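The values are calculated or read from the model by the stated rules, or taken from the named source; none is laboratory data. Since the structure is predicted, the reported quantities are computational estimates derived from the model, not experimental observations. Here the Cβ positions follow ideal geometry from the backbone for every residue, glycine too, while neighbour counts run over all protein chains shown. Side chains included, ligands, DNA and RNA excluded: accessible areas come from the protein's heavy atoms. Shrake-Rupley method; radii C 1.70, N 1.55, O 1.52, S 1.80 Å.
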Amino acid sequence: MSFLGHFHPLVVHLPIGILMIVFIMEILQWRKPENNLGKAIRLSLVVAFITGVISCIVGFFLSQEGGYEENTLLLHQWMGISLTLFTGISWLLYQKNLIRWYRAGLVVLFLALMITGHQGGNMTHGDDYLTAGLPGLIGGEVKKINSTPVAAITDIQQAQVYKQLVVPVLANKCYSCHSSAKIKGALRLDEEKHIFKGGKHGTIIEPGNAANSEFIKRLLLSREDDKLMPPKDQEPLTKEEITLLTWWVESGSNTSKKVAELNPDSSTLVMLNSFVANHGTTPAQKHEPEALSAVFEKTVSMPDNESVEALRNLSVLVSPVAQNSPFLMVSCVNFKEFDNKTAQLLLPLKDNIVWLQVENTMITDDALAIIAQMPNLIRLNLSATSIGTEGIKKLQALSFLEYININHTKADNKTLEILQKINSLKNIYCWKTSVTPEAVGIFRTQKPETNIIQGIENL
Amino acid sequence: MDEIKKILYQYDRRKFLRGSAIGLGGIALSALLGCENDAAKSNKKIITLNDVDENQPLINPHFVPKAKRVIYLFQSGGPSQMELFDYKPKLYEMHGQEIPDSVIGTNRVSGMVSNQNSFPLAGPAATFQQYGKNGTYLSDLIPHTAGIVDDICIVKSMFTEQINHEPAVIFTQTGNQLSGRPSIGSWLSYGLGSLNQNLPSFIVLISQGGGDQPISNLAWSNGFLPSHHQGVQFMTGKDPVLYLSSDAGPEKMDRRRALDFIKEFNLLQKDQWKDPEIDSRLNQYEMAYRMQMAVPEISDLSDEPQHILDMYGPDVRTPGTYAYNCLMARRLAEKDVRFIQLYHLGWDHHGSLHSGIRKATAQTDQASAALVKDLKQRGLLDDTLVVWGGEFGRTSFCQGKLTQEDFGRDHHPGAYSIWMAGGGIRPGTVYGQTDDFAHNIVDGKVHVHDFQATLFHLLGIDHEKFTYKSQGRRYRLTDVAGEVVKGIIT
């Protein structure tokens, strides 16, 4: 629909142009009736009416898109519709040969057309688009957006609240619709005097009272609210930006003071500091990204349903790690009888399994030959099974394995040597095994980045 | 007309009218646009007969989770942050002086101190030392917790809006101060389901011998979710779940047959009445049947070696103590129970704080730390989130008479401390900061809803997308607020 809407500025010129021709023809006809333009005028009126209707329809779609000042829009909409109807009526009057009525109507039509057209132009290009080129003549003010670079803030206490903190936010997020280039809602935010003058609905800032200032209220509306600023398709203000503007209004919306002069309390200072530190980024990005295995970036086909069901029938828990994810978590917590033979059932899912819990089951080293074929395995819990070094040897090719639990198994110092070769390992659990504390000590000096945990005594 | 019939008739009339209105509209529209097939192709439903359809459990998390299960060690009553985690040396210096007006500001005080005309500060009833790699100051009342400081993240900047126990507990557990919403465990049980079908996914353990402040079962209520998602309270003693043991009862096969027979009746009922609670009932029968196997195994501690029992402290042998429940929590975590909720009462020290807090820490410190260590050595801490915290903090000024030996502290919602460990929490960190009086937060405020959002995030759930429609409104655990605290997540 919005695609059609965008045709409004284009289509609308058809009825405008045709009506202009009607006026010219009508004047010619009036001056010199023998011109015999009657048929042409009649046809033109019909075509102007039809294209007018089309313009109204696409115009309506355009209005649904939002982003226009409501009252201007409404006026323009009804003027446009009336104009079209008037065109139709003019044609009827012409048909009925009520020429004098028709001509009087045409004069009104002409004036209305000028006004509606001008309105539309202003809505599209901004209120002072037309007059901007005539300095001092009609009063249109020519002023470029203040683009002087803002001095970098070194000490937050010495920063100019308005110039160095508030203006950059406005320039970034508001000027595109509320400055000399485009003045939606008759509101300009690019200069102090305009900010305090307000817009179509009066002043927008009540110094010292953010809760009563439209300037702040509009920022806090829900995403669905048509009055939300910036509108929903525009980049919203960050939480810190909103807090900053609120604090500025709350502290009297002074335009010349420094931060220190407004006596910010400690939590405001923290906010300001983080605002300066994050300016232009969202606060979430200042933290390190969450650690997530590279496996999850891989493309793997979805697991085979039959194989999943076969495991589930044995009450083995099989579930995707997340919605629509091909990666699986498999747990035998309810199926202690799981053994080397049933482990074969895992094979069709070998690319999908990332977390595998086979603790307390009957598996032996042979099952690890199957587990070794799971290239994307991240977590493996083998505790309380009868696996040992021979089995672990098979796992060396697992390049994403981060967690291995061999508590309460036949693992020994040799096992640890093998695990040392798996570089991706982050956590090794080898409690209740024959692994000696000395071997753990050596491991720790050689691979300090891997956590190795061997029971409370050694924590 | 009885209640059920009323519901049934109402259901039919409303649903029929709405269904047919939307249905006819939809048919007319699709005919107009000539796109009958498009409706089927696209996922958009034109005809919706039942908005219960909208309530679908997530089944799988929204994104890859860090934690699979949660152990929530709820310390009910409002543990004092100044005696435990939030070291404020200035309070010793200013003992007996009035709390500055600039600090107390317009903050709300409870009815219990609002008639006090003096608010003298009280120096902490504990000494502090530095512990761990980062030299975190911790109270000498919690030496065992101090021993795991490198494994936990202490959040000093929690705050809530509630100042009285019941609403504050309900708020922390359900996201709303009034009862009637589902608690965190119920949301998870409903949303993610069970990891072990032989045990409930939400189990509640309440320790005995804490204090007299009661805890209401509304805190583990299922709210508007189907009732089999409410927390299953394990009782104290030999029989954690009542009427499960069938020593002299029927044979297992007979039990099965009886249950199957009852199930047929229930399904008939359901066909007729369409009451979703019949599903819950069926579910509970089946769960009880399966628990007959699983629960005795869980509650039999005979396989626990001596050194493990010692780790949890001497109380561990007494069923119903906090230490016993911590051990149970570990055993349940090993069985992949999704949400294990402990409650310890006895943190409400309006008077006699010195003795009161020593009793509470003696009951909880060792076992809490032991639980974290035990989970860690078993390799369970990586995907188990452990939370230790209450419903609010306490005032730095004194309630009642301030003497050199003793005093009390009132409820304080404006700032309190909790700790979390495992399951994607950044270990060995301290988050947030309060002023010199532990009264106001100066950095890193964490609201209860932020905490809840973070908890869900660690379990792979986007708290804004996980909703349930009830009585015409979509509800979330975090209501309309909550931001994930990224700073405490690895």
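If you check A:Leu292 against the conditions, is it open to solvent by 20 Å² or more (accessible area, probe 1.4 Å) and at pLDDT 90 or above?
Answer is no for this residue.
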So for region B:354-367 (the condition being within 14 Å of chain A (Cβ to nearest Cβ), part of a helix (DSSP H, G or I) and surrounded by fewer than 23 Cβ atoms within 10 Å (Cβ to Cβ)), does at least one residue qualify? no
For region B:349-368, pairs from a residue that is among the acidic types (Asp, Glu) to a residue that is part of a helix (DSSP H, G or I), with Cβ under 8 Å and 6 or more apart or across chains, are B:Asp365/B:Pro143; B:Asp365/B:His144; B:Asp365/B:Thr145
Filtering helices (runs of 4 or more DSSP H) wholly in region B:269-352 for at least 3 residues that are at pLDDT below 90 and of a type in the set (A, V, I, L, M, F, W, C) gives B:277-299
Assess whether A:Ala372 counts as being within 14 Å of chain B (Cβ to nearest Cβ), under 20 Å from A:Asn340 (Cβ atoms) and surrounded by fewer than 24 Cβ atoms within 10 Å (Cβ to Cβ). no
Would region A:438-452 turn up any residue that is within 12 Å of chain B (Cβ to nearest Cβ), in contact with a helix residue (DSSP H, G or I) (Cβ under 6 Å, 6 or more places away or on another chain) and of a type outside the set (Phe, Trp, Tyr)? yes
Give region B:176-200 a look and list any residue that's touching a Leu at 6+ places or on another chain (Cβ under 7 Å) and among the hydroxyl-bearing types (Ser, Thr, Tyr), or say none. B:Ser179, B:Ser186, B:Tyr190
Which condition breaks for A:Lys336 when tested against (1) modelled with pLDDT of 95 or more; (2) more than 41 Å from the chain's Cα centre (by Cα); (3) not β-branched (Val, Ile, Thr)? (1)
Among the hydroxyl-bearing types (Ser, Thr, Tyr) and open to solvent by less than 70 Å² (accessible area, probe 1.4 Å): which single residue out of B:Tyr312, B:Tyr285 fits that description? B:Tyr312
Anything in region A:411-437 that is within 13 Å of another protein chain (Cβ to nearest Cβ), outside any loop (DSSP other than H, G, I, E, B) and either open to solvent by 90 Å² or more (accessible area, probe 1.4 Å) or among the β-branched types (Val, Ile, Thr) (or both)? List them, or say none. A:Ile428
Pairs, please: C-beta under 7 Å, at least 6 apart or cross-chain, first residue in a strand (DSSP E or B) and in region A:394-410, second open to solvent by 10 Å² or more (accessible area, probe 1.4 Å) and hydroxyl-bearing (Ser, Thr, Tyr)? A:Asn405/A:Ser383
Can you tell me how many residues within region A:386-398 are of a type in the set (Gly, Ala, Ser), farther than 17 Å from A:Gln357 by Cβ and either within 14 Å of chain B (Cβ to nearest Cβ) or touching a Ser or Thr at 6+ places or on another chain (Cβ under 6 Å) (or both)? 0
Inside region B:132-148, can you point out the residues that are open to solvent by 10 Å² or more (accessible area, probe 1.4 Å) and either of a type in the set (Gly, Ala, Ser) or more than 28 Å from the chain's Cα centre (by Cα) (or both)? B:Gly132, B:Lys133, B:Asn134, B:Gly135, B:Gly147
Odd one out for A:Lys182, checked against (1) under 30 Å from A:Ile18 (Cβ atoms); (2) outside the structural domain of A:Pro236 (by TED's automatic domain parsing); (3) modelled with pLDDT under 80: (2)
Determine whether B:Gln399 is over 22 Å from B:Gln75 (Cβ atoms) and away from every other protein chain (no Cβ under 14 Å). no
Flagged in region A:39-56 as open to solvent by 50 Å² or more (accessible area, probe 1.4 Å) and without any contact (Cβ under 8 Å) to a residue 40 or more places away in the chain, in numbering order, are A:Lys39, A:Leu43, A:Val47, A:Ile50, A:Val53
Working only within region B:152-176, note down all residues that are open to solvent by less than 30 Å² (accessible area, probe 1.4 Å), closer than 20 Å to B:Gly432 by Cα and touching a strand residue (DSSP E or B) at 6+ places or on another chain (Cβ under 6 Å). B:Ile152, B:Cys153, B:Ile154, B:Val155, B:Ser157, B:Met158
